1. Quick one: in the stretch 132-152, which of the residues that are free of Cβ contacts under 8 Å to residues at least 60 places away in the same chain and charged (D, E, K, R) is surrounded by the fewest Cβ atoms within 10 Å (Cβ to Cβ)?
2. Out of curiosity, is Q170 open to solvent by 20 Å² or more (accessible area, probe 1.4 Å), in contact (Cβ under 8 Å) with a residue 12 or more places away in the chain and away from the ligand (no atom under 16 Å from the Cβ)?
3. Considering P270, P277, P257, which residue is surrounded by fewer than 21 Cβ atoms within 10 Å (Cβ to Cβ), at pLDDT 95 or above and of a type outside the set (A, V, I, L, M, F, W, C)?
4. Please note which strands (runs of 3 or more DSSP E) are completely contained in the stretch 242-344 and include at least 2 residues that are farther than 27 Å from V149 by Cβ.
5. Could you list, ordered by first residue, the pairs with Cβ atoms under 8 Å in which the first is in the stretch 40-57 and among the β-branched types (V, I, T) and the second is surrounded by fewer than 24 Cβ atoms within 10 Å (Cβ to Cβ) and outside any helix (DSSP H, G or I), at least 6 apart or interchain?
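The values are calculated or read from the model by the stated rules, or taken from the named source; none is laboratory data. As the structure is a computational prediction, the values presented were derived from the model and not from experiment. Backbone-built Cβ (ideal geometry, glycine too); neighbour counts: all protein chains shown. For accessibility, only protein heavy atoms count, side chains too; no ligands or nucleic acids. Shrake-Rupley method; radii C 1.70, N 1.55, O 1.52, S 1.80 Å.
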Amino acid sequence: MRLAKKALVLLLVLAAALAVVSCGGGGSSGGGAASNTHAMVFKNTGNPYGERQMGGFEDGIKEQGGTAILRAPDQPTAEAQIQIIEQLIAQKVASICIVGNDYDALQPVLTKAIQAGIKVYSLDSSVNPASRATHVNQADTIAIGETLVEAAFDQAGGSGEIAILSATSQASNQNAWIAVMQETLKQPKYANLDLVKIAYGDDLRDKSTSETEALLLSYPNLKVIVAPTTVGIAAASKVITDKGLIGTVKVTGLGLPSEMAEYIDNGACPYMFLWNPIDVGYLGSYTATALTAGEITGAVGDSYNAGRLGRYTITQAGDGGTEVLLGPPFKFEPSNINDWKNVY
Ligand code: RAM
């Protein structure tokens, strides 16, 4: 009797194990995510930068014969991205490219995806190293932060009040750039620059507009607004233009040429920086297929072909994980903005 019970238990255990294997839930080599479908989850909808980045990703996936799924929640929150990622796990996509709304909060759901055999990596806004194979970084974090401080210094004439208008307070890309800016401001050269406030427009046009208006009210002597977000820089430039403050308060930061050409032309933003968001997404698409093909694991030294962009090698990231770097940021100013405004 006891033996029969034991045999039954053994049989049940074996049956359960078989079920797990056939569902592909058995680990990273499982077959649950064997499709050629690759997903990108952006921060939120309604951001032209995000649309360019997703467009580049889709082009790259298509030219490799795969299917791209492009998703973004209405609001730029981790909770909303978690719901989308749960759906993608159920769909058994081959890879998930996450543009993180939070560095740590996505870890449980991304771990679940990884355990289901899905290749997970971040792009543009990173998630923590435990949640990703690697990170596709648009440009060197330190170079961006230092460049923005130097621009604020130059546009303020070397002294005075400056403010930062960021995206959400949880956005890891903006937070990494702001951390470098704060560090850089400690250098003696920048001793006369006073960072009075870091405001958060949440990458929403209306909130970025009202945050800019609040900055102008609270700090009447403000000289420069640095917005390391394409949504924020465009909203701030429009407020400065509408209020007749061109030349009094300058705007700089990271902007999309198509949205910023009019403000570079009218002087609200003397100059700004960015990289090619289409290329960021496109590099992501080749990272996806290199990971799912098992060509790379995301380790330092892994190298792979990224179509028209050429070959890339994975390097150590500042946060202890790894990354692949697209290239240096580019400066947009009156002399070149018209060449770029129709490109992205
Ligand atoms: C916004 C987003 C994006 C960032 C750019 C600079 O569009 O926050 O993540 O990379 O700005």
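1. Only one residue tops the list, namely E150.
2. On the way: open to solvent by 20 Å² or more (accessible area, probe 1.4 Å): yes; in contact (Cβ under 8 Å) with a residue 12 or more places away in the chain: yes; away from the ligand (no atom under 16 Å from the Cβ): no.
The answer is no for Q170.
3. On the way: P277 fails: surrounded by fewer than 21 Cβ atoms within 10 Å (Cβ to Cβ); P257 fails: surrounded by fewer than 21 Cβ atoms within 10 Å (Cβ to Cβ).
P270 is the lone residue from the list that is surrounded by fewer than 21 Cβ atoms within 10 Å (Cβ to Cβ), at pLDDT 95 or above and of a type outside the set (A, V, I, L, M, F, W, C).
4. On the way: elements: 250-253, 272-274, 303-305, 311-313, 322-325, 330-332.
Answer list for the stretch 242-344: 303-305, 311-313.
5. V41/R71; V41/A72; T45/A72; T45/P73; T45/D74
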